[in-house]
Amino acid sequence: MHIHIFWDCQSPAGLQLPVSRLIETILGVKTTVTENHVRIMGYVDARRQVDAQALLDSIQAYKRRHAIAEPVLLVVHQDLFRNGNSFVFGLARESVGAGVVSTARLGNEYYGRAGSDEDYMDRIAKEGAHEIGHLIGLPHCEDRECVMFRPDTLDELDRKKKMLCPLCRKQLDTLPAR
Ligand SMILES: [Zn+2]
Ligand SMILES: [Zn+2]
């Protein structure tokens, strides 16, 4: 299983390689990181946020145009929302193999705390692995320490471990290779 990670120029520079390695370890997939060429669509002035669904549309169109069959995860720094949620850390569209993660709320600075590259990397990796997990066939998990648990807050994200629970691991291992 090969995953493309597109790292937008506004996302934190220098973290793409460690993040991609962490994701590979968590899921047991191969990744390649490249700079992002997908257009950032769906910016809403009044909210100063990007509509995650519009961004997924944009990834979907890019994949079609460039005949990319493998899953794509886009990492952006713009804050994301979706209809019905004031914000989302990330979103995946399984049917087309497209996912997006926002780094906007993953840094300590956003919460008025001292910055830490390590915290930043851990959270981007967990969120990235979560969305990619969906793209390769995993649903949400009830285990609060599992990467596939759906966090609503930063604390819930931090409580997760950088790994799949045994049940999700097993499920992933029995999925047909795509
Ligand atoms: Zn999810
Ligand atoms: Zn799990």
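The values are calculated or read from the model by the stated rules, or taken from the named source; none is laboratory data. Computed from a predicted structure; not experimentally measured. Reconstructed Cβ throughout: ideal geometry from the backbone, glycine too, with neighbour counts over all protein chains shown. Quick note on the areas: whole protein, heavy atoms, side chains included, nothing else; ligands and nucleic acids left out. Shrake-Rupley method; radii C 1.70, N 1.55, O 1.52, S 1.80 Å.
Observations on the model:
- Only lysine pairs 8 or more places apart, or on different chains, with alpha-carbon atoms under 21 angstrom apart are counted in the chain, and they number 12.
- By accessible area with a 1.4 Å probe, ligands and nucleic acids excluded, highest first: order of ARG113, ARG82: ARG113, ARG82
- 3J(HN,Hα) along the stretch 85-96: 10, 5, 7, 9, 6, x, 7, 10, 10, 4, 4, 10 Hz, from the Karplus curve 6.51 cos²θ - 1.76 cosθ + 1.60 with θ = phi - 60°, whole Hz, x for Gly and Pro.
- For the chain: accessible area per residue (Å², 1.4 Å): 51 Å²
- The stretch 146-165-the stretch 1-71 distance, computed between alpha-carbon centres (Å): 20 Å
- DSSP beta bridge pairing in the stretch 1-124, given as percent antiparallel to the nearest 5: 30 percent
- Given charges at Cβ of Lys, Arg, Asp, Glu: the stretch 101-178 dipole, positive-most of LEU106, LEU175, ILE136: LEU175
- Residue-level accessible surface for GLU35, protein heavy atoms, 1.4 Å, Å²: 130 Å²
- Apportionment of accessible area to carbon and sulfur, the chain, percent (1.4 Å): 50 percent
- A cut-off under 14 angstrom between Cβ atoms defines the neighbours of GLY90, and their net charge, with Lys, Arg +1 and Asp, Glu -1, is -1.
- Surface accessible to a 1.4 Å probe, MET41 within the full protein complex, Å²: 80 Å²
- Cα-based radius of gyration of the chain once divided by 2.2 N^0.38 Å, which approximates compact folds: 0.95
- The order of LYS161, LYS30 by accessible area, most exposed first and with a 1.4 Å probe, is LYS30, LYS161.
- Point-charge dipole on Cβ atoms (K/R +1, D/E -1) for the stretch 12-110, about Cα centre, debye to 20: 160 debye
- From the C-alpha gyration tensor of the stretch 63-120, square roots of 5λ in Å: 27, 14, 8
- By the rule of a second cysteine Cβ within less than 4.7 angstrom, the chain holds isolated cysteines at CYS9, CYS168.
- With both labels modelled 7 Å from their Cα along Cα-to-Cβ, the ARG39 to ASP158 distance reads 3.9 nm.
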